[in-house]
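This report concerns only the one structure given below.
The values are calculated or read from the model by the stated rules, or taken from the named source; none is laboratory data. Predicted, not measured: the structure shown is a model, and the values here were computed from it. Counting neighbours? That spans all protein chains shown, and the Cβs are built from the backbone with ideal geometry, glycine included.
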Amino acid sequence: MIEQTYYVGAYWLARRETAAACAQRAESFFHLLAACDPSLAHWFKKGRTLEEALKHRIESDAVSLTKEFNQQAQEEGRFVTDGFSLRGWNGETREAASSLSFLCGDASTCVSNLCLLYPPSDGPAEERVIQASVLAQVLRAMAVAFEPEWGVVTSRELRGLLAPESAEGGTFIGWVTYFSHHRGPLPPLPPHVHTEPVEDKGTLVTLTPERLTASNPAHVALTRDVSERLAHAGLLTPLRPWNE
């Protein structure tokens, strides 16, 4: 069986926002993320040692995050159109660890704003988190907080098999996929594929409640079928700057 390395990602282009606006989005994201699983409730900045890192907890309130982002804005060599970024780790060790990063407020049409989360890869935390319902909830949190154009839950292996030529921030189908309403309406999909609205922002598409893997021929065939339907409907086009 092919070992799978899963991740959750959300992407959008060219949305210039202030430090305060990005901090509000980040606060909302951290609040929603904490409800997905206990292991995702606390975050720390990475350090050279475990002891050092655990001293630097990320304060997830908007006031603290605004201060953090304003400090970034004052760094030498930054452009006014650059966004604000944060990288974190949940304080767990080895396979139980999760990490996240995001870039928000960047006005570039070449570099994607994004939010990424890598869940635990082994043990009880992995068994709890690597489920369609939980990872869909994580992607929903990203969609509600950051209002991306597109997002995906997938594994590196499945992406490599089905979308080997996709650039980072490109669009393709995953185990769970989010489409903003900006991209247009979804086409008819197989009846067992689950869709659900994300407020008035977009739609989550979940291919199967069981773990989607690149080693399962039925999963690969389903993914390719849905991918062809979405591509034909124009849903898998490259990201574009909707908020110019």
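Residues are listed down the side, and each one gets a yes or a no for (1) part of a helix (DSSP H, G or I); (2) under 11 Å from the mean Cα position of the chain (by Cα); (3) of a type in the set (A, V, I, L, M, F, W, C); (4) farther than 16 Å from residue 9 by Cα:
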residue: 116; (1), (2), (3), (4): no, yes, yes, no
residue: 124; (1), (2), (3), (4): yes, no, no, yes
residue: 140; (1), (2), (3), (4): yes, yes, no, no
residue: 182; (1), (2), (3), (4): yes, no, no, yes
residue: 196; (1), (2), (3), (4): no, no, no, yes
- Message: Just to be sure before I move on: is residue 75 modelled with pLDDT of 90 or more, of a type outside the set (A, V, I, L, M, F, W, C) and either surrounded by 14 or more Cβ atoms within 10 Å (Cβ to Cβ) or part of a loop (DSSP other than H, G, I, E, B) (or both) in the structure I sent?
- Response: no
- For residue 154, are the conditions met, namely being among the hydroxyl-bearing types (Ser, Thr, Tyr), surrounded by 15 or more Cβ atoms within 10 Å (Cβ to Cβ) and within 22 Å of residue 111 (Cβ to Cβ)? yes
- Message: Contact list please: Cβ distance under 8 Å, first residue in region 151-176 and over 15 Å from residue 10 (Cα atoms) and hydrophobic (A, V, I, L, M, F, W, C), second residue modelled with pLDDT under 95 and loosely packed, with under 15 Cβ neighbours inside 10 Å, pairs at least six apart or on different chains.
- Response: 162/224
- Note on the structure: Within region 194-223, restricting to residues that are charged (D, E, K, R) and surrounded by fewer than 13 Cβ atoms within 10 Å (Cβ to Cβ), the one that is nearest to residue 181 (Cα to Cα) is 200
- Item | Selection count, region 10-32, where residues are under 15 Å from residue 119 (Cβ atoms) and surrounded by fewer than 23 Cβ atoms within 10 Å (Cβ to Cβ) | 0
- For region 99-114, name all the residues that are surrounded by 19 or more Cβ atoms within 10 Å (Cβ to Cβ) and either part of a strand (DSSP E or B) or among the acidic types (Asp, Glu) (or both). 100, 102, 103, 104, 106, 113, 114
- Task: Considering only residues that are farther than 25 Å from residue 157 by Cβ and of a type in the set (Asp, Glu), look in region 1-54 and name the one that is modelled with the highest pLDDT.
- Result: 27
